Amino acid sequence: MMNEPISTIMKKKLVTVKPEDTLDAVRSIFLSRNIHHLPVVDDDYHLVGIVTSHDTYRLNLKFEDYHMLTVGEIMVRKVAKLSPEEKIGVAAELFLLNKFHATPIVDASNKLVGLVTDFDILRYNFKKAYPTQEI
């Protein structure tokens with residue numbers, strides 16, 4: 001059931017940030033887009049890190065101080081990532097073993113091509129079990 005490639009469920013239209021962006025920009029994106037994970041890319045769209053709403057929460061900073069920090073200062077640099085050909089079950093296992101909620105999908109040259117979340121996997125399995133049900 002989870003043997004299809006991740007590319008079938010990953011999000012392809014992504015919002016990203018760069019290491020030099022401020023946390024003000026990140027907070028604004030999180031609030032306006034209702035998302036919790038932002039891949040960090042360089043000018044050539046190569047993945048260099050990820051920043052999550054949890055990362056910003058752990059800083060325990062006042063929002064008015066967010067302009068003083070950049071994404072590069074707080075992003076996670078060692079990112080678990082998968083290729084588009086990996087199976088959906090591999091992503092599910094990665095999430096369960098590491099308590100992750102999202103992982104970037106990159107091509108062979110580390111260029112960002114997508115993002116998959118635990119919600120994407122949940123929706124995928126729900127649609128398989130209840131194909132006529134609207135969600």
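Which number in (1) free of Cβ contacts under 8 Å to residues at least 24 places away in the same chain; (2) assigned to a helix (DSSP H, G or I); (3) surrounded by 12 or more Cβ atoms within 10 Å (Cβ to Cβ) marks the one condition that THR56 misses?
(1)
I'd like to verify a number: residues in segment 43-53 that are over 12 Å from THR103 (Cα atoms) and in contact (Cβ under 8 Å) with a residue 24 or more places away in the chain, how many?
Step one: of segment 43-53, the residues over 12 Å from THR103 (Cα atoms) are 43-46, 48, 53.
Among the residues that remain, those that are also in contact (Cβ under 8 Å) with a residue 24 or more places away in the chain are: 43-46, 48.
The number of residues fulfilling the criteria is 5.
Inside segment 87-114, can you point out the residues that are within 24 Å of ASP42 (Cα to Cα) and part of a loop (DSSP other than H, G, I, E, B)?
Within segment 87-114, PHE100, HIS101, ASP107, ALA108, SER109, ASN110 qualify.
Looking at ALA25, is it among the small types (Gly, Ala, Ser), outside any strand (DSSP E or B) and over 16 Å from the mean Cα position of the chain (by Cα)?
Details: among the small types (Gly, Ala, Ser): yes; outside any strand (DSSP E or B): yes; over 16 Å from the mean Cα position of the chain (by Cα): yes.
Spelling it out, ALA25 is indeed among the small types (Gly, Ala, Ser), outside any strand (DSSP E or B) and over 16 Å from the mean Cα position of the chain (by Cα).
Yes or no: segment 26-33 includes at least one residue that is surrounded by 14 or more Cβ atoms within 10 Å (Cβ to Cβ), within 24 Å of ALA91 (Cα to Cα), modelled with pLDDT of 95 or more and out of contact with any Asp or Glu (no Cβ under 9 Å at 6 or more places or on another chain).
Yes: one or more hits.
Could you check SER109 against (1) in contact (Cβ under 8 Å) with a residue 40 or more places away in the chain; (2) surrounded by 12 or more Cβ atoms within 10 Å (Cβ to Cβ) and say which number it fails?
Evaluating SER109 over (1) in contact (Cβ under 8 Å) with a residue 40 or more places away in the chain; (2) surrounded by 12 or more Cβ atoms within 10 Å (Cβ to Cβ) leaves (2) as the failure.
If you scan segment 60-85, which residues turn out to be assigned to a loop (DSSP other than H, G, I, E, B), buried (at least 16 other Cβ atoms within 10 Å of the Cβ) and more than 16 Å from the chain's Cα centre (by Cα)?
LEU69
Suppose the filter is touching a His at 6+ places or on another chain (Cβ under 8 Å) and of a type outside the set (Phe, Trp, Tyr); does HIS67 pass it? Reasoning before the result, please.
Values: touching a His at 6+ places or on another chain (Cβ under 8 Å): no; of a type outside the set (Phe, Trp, Tyr): yes.
Considered against the rule, which asks whether it is touching a His at 6+ places or on another chain (Cβ under 8 Å) and of a type outside the set (Phe, Trp, Tyr), HIS67 comes out as no.
The values are calculated or read from the model by the stated rules, or taken from the named source; none is laboratory data. Owing to the predicted nature of the structure, the values given are computational and were not obtained by experimental measurement. For neighbour counting, all protein chains shown are included, and Cβ atoms are generated from backbone atoms with ideal geometry for every residue, glycine included.
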